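Remarks on the structure that follows.
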């Protein structure tokens, strides 16, 4: 048989996760055996040749099930079913697909957020399903935006699951990757300990530390937004450090009052929410890396002149 599409794999992935915490590699093996995939089917690769087709489709099935709250990652490379997922499984559905997952608020919110950067809700690995009215160039760019949207979600999930001091070091690493601190040795350092007056990191913009950027990092869950009080507290911390500017980063979002407060305070405070954070991480290859490069070529008109 041919390798099933990612939606056909949703129910097998959910069933495999119902046996307690399980490795994703074991899930793939179990499903491959249940479907009686041939060795040739298991070894089929994506056009890039860097990842198996079956492995890729299981990944996307797992990803969407997670966005619907039916499974959850427990630790690196492991997952388990949630109470909601078990309830779905107990109802003995014939199959699962995107239309089924659309009944859950979390999945709809994920799709709506993805729609801000892409117009389709099909996964990037199967662009052949896109509308025939779109050109190959348009399909390719839509797929690229979808891949980055899913990567951004995974980055946020991993950051929220990591220890607080990891997040503080991440922000410092990101700022250095963006060029802050220049060529100054040891320009950035995470603080994040008692006695630091509400400052989690600092970047020296010059060798003597005359110009510094102070950082506040709040690793919060989605929906736990930063209010104006936290901005005023950070302003007070900057004042104690005699600093003129600061950066407030969170994995959640800022309330409208928090943004207004930052805008009208006398010190320059830049606010970076979870969405902006992942955009910067992807742009500067922090926490992610290039998996493949596609070269798009066109006719060289000069050659044919």
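The values are calculated or read from the model by the stated rules, or taken from the named source; none is laboratory data. Owing to the predicted nature of the structure, the values given are computational and were not obtained by experimental measurement. FYI the Cβ positions are ideal-geometry reconstructions off the backbone, even for glycines, and counts take in every protein chain you see.
The rows are residues; the columns are (1) under 18 Å from residue 225 (Cβ atoms); (2) free of Cβ contacts under 8 Å to residues at least 60 places away in the same chain; (3) in contact with a strand residue (DSSP E or B) (Cβ under 6 Å, 6 or more places away or on another chain); (4) not assigned by TED's automatic domain parsing to the domain that holds residue 234.
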{"residue": "255", "(1), (2), (3), (4)": "yes, yes, no, no"}
{"residue": "264", "(1), (2), (3), (4)": "no, yes, no, no"}
{"residue": "278", "(1), (2), (3), (4)": "yes, no, no, no"}
{"residue": "288", "(1), (2), (3), (4)": "no, no, no, yes"}
{"residue": "292", "(1), (2), (3), (4)": "no, no, no, yes"}
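Kindly establish whether residue 35 is more than 19 Å from residue 150 (Cβ to Cβ) and in the same structural domain as residue 154 (by TED's automatic domain parsing).
yes
Could you check the range 1-69 for helices (runs of 4 or more DSSP H) lying wholly inside it with 2 or more residues that are over 22 Å from the mean Cα position of the chain (by Cα) and surrounded by fewer than 17 Cβ atoms within 10 Å (Cβ to Cβ)?
Output list reads 24-34, 39-43.
Residues 246, 223, 236: which one is surrounded by 21 or more Cβ atoms within 10 Å (Cβ to Cβ) and modelled with pLDDT under 95?
246
Would you mind stating whether residue 227 is touching a helix residue (DSSP H, G or I) at 6+ places or on another chain (Cβ under 9 Å) and under 27 Å from residue 162 (Cα atoms)?
yes
In the range 70-112, which residues are closer than 22 Å to residue 19 by Cα, at pLDDT 90 or above and assigned to a loop (DSSP other than H, G, I, E, B)?
Result: 70, 82, 91, 92, 93, 94, 95, 96, 97.
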